[in-house]
Amino acid sequence: MDRKSVKVVVAGGFGTGKTTLVGAVSEIPPLTTEEVLTQASVGVDDVTGVEGKTRTTVALDFGRITITSDVVLYLFGTPGQDRFWFIWDELAQGAVGAVVLIDTRRLDTSFPAVDYFERRGIPFVAAVNRFFGECLYTEAEIRAALKLDDAVPLLWCDARDRESSKRALIGLVRHALARMPVTN
């Protein structure tokens, strides 16, 4: 049996739910590199809107989902703070695409992730995380604020919920496959 692996990146700003999504869908206990937020991060990490956040990813999150006996999906969650963005290039290398989690309470934290994947031509979906209840904005308002190309899918999810998170991943894989060149 020739086993195939598919790499997916879960990205977004600080506190958007990346670690939560990887943990919700992974069939194995996820590997996380979370550390306690300390006094050293005061004035460096903007916790506006996520004041209760006590831990943060400092390198990556890793999870796995077996799709079929010969296809495995590997999930790589990025750290959200800009001081760790140098890691994104390594995590994105060879990825089929990315789920960019969006927190509409702090939309500006999503701009760098959207820009990162657009500039590199890596397929991505924007997934609005309804982590904290209903979203106050329409799809059109979010698309306009993020300046999303019409070809980029905008999805709704709850990173805590396995089925909802799986739908976001399925949306990404469908989008990435649709962008692949057709070969004879």
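The values are calculated or read from the model by the stated rules, or taken from the named source; none is laboratory data. Just so we're clear, the structure is a prediction, and the values are computed from it rather than from any experiment. Glycine gets a Cβ as well: all are built from the backbone with ideal geometry, and neighbour counts include every protein chain shown. Surface areas here come from the heavy atoms of the whole protein model, side chains and all, with no ligands, DNA or RNA. Shrake-Rupley method; radii C 1.70, N 1.55, O 1.52, S 1.80 Å.
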Original post:
Of all residues in the stretch 134-162, how many are more than 16 Å from Ile102 (Cα to Cα) and either open to solvent by less than 90 Å² (accessible area, probe 1.4 Å) or among the aliphatic types (A, V, I, L, M) (or both)?
Top reply: 1
Original post:
Residue check, Ser165 against (1) without any contact (Cβ under 8 Å) to a residue 40 or more places away in the chain; (2) touching a Leu at 6+ places or on another chain (Cβ under 6 Å); (3) surrounded by 15 or more Cβ atoms within 10 Å (Cβ to Cβ), all met but one. Which one?
Top reply: (1)
Subject >> Among (1) assigned to a loop (DSSP other than H, G, I, E, B); (2) surrounded by fewer than 14 Cβ atoms within 10 Å (Cβ to Cβ); (3) not hydroxyl-bearing (Ser, Thr, Tyr), the one test that Asp115 misses >> reply: (1)
Original post:
Checking Glu34 against (1) out of contact with any Phe, Trp or Tyr (no Cβ under 7 Å at 6 or more places or on another chain); (2) modelled with pLDDT of 90 or more; (3) open to solvent by less than 70 Å² (accessible area, probe 1.4 Å), which test does it fail?
Top reply: (2)
Original post:
Taking into account only those residues within the stretch 75-90 that are crowded, with 17+ Cβ neighbours inside 10 Å and not hydrophobic (A, V, I, L, M, F, W, C), which is modelled with the lowest pLDDT?
Top reply: Gln81
**OP:** May I ask you to list pairs of residues, at least six apart or on different chains, whose Cβ atoms are under 6 Å apart, with the first in the stretch 84-109 being assigned to a loop (DSSP other than H, G, I, E, B) and the second being open to solvent by 40 Å² or more (accessible area, probe 1.4 Å)?
**Re:** Gly94/Lys7; Ala95/Lys7; Val96/Val6
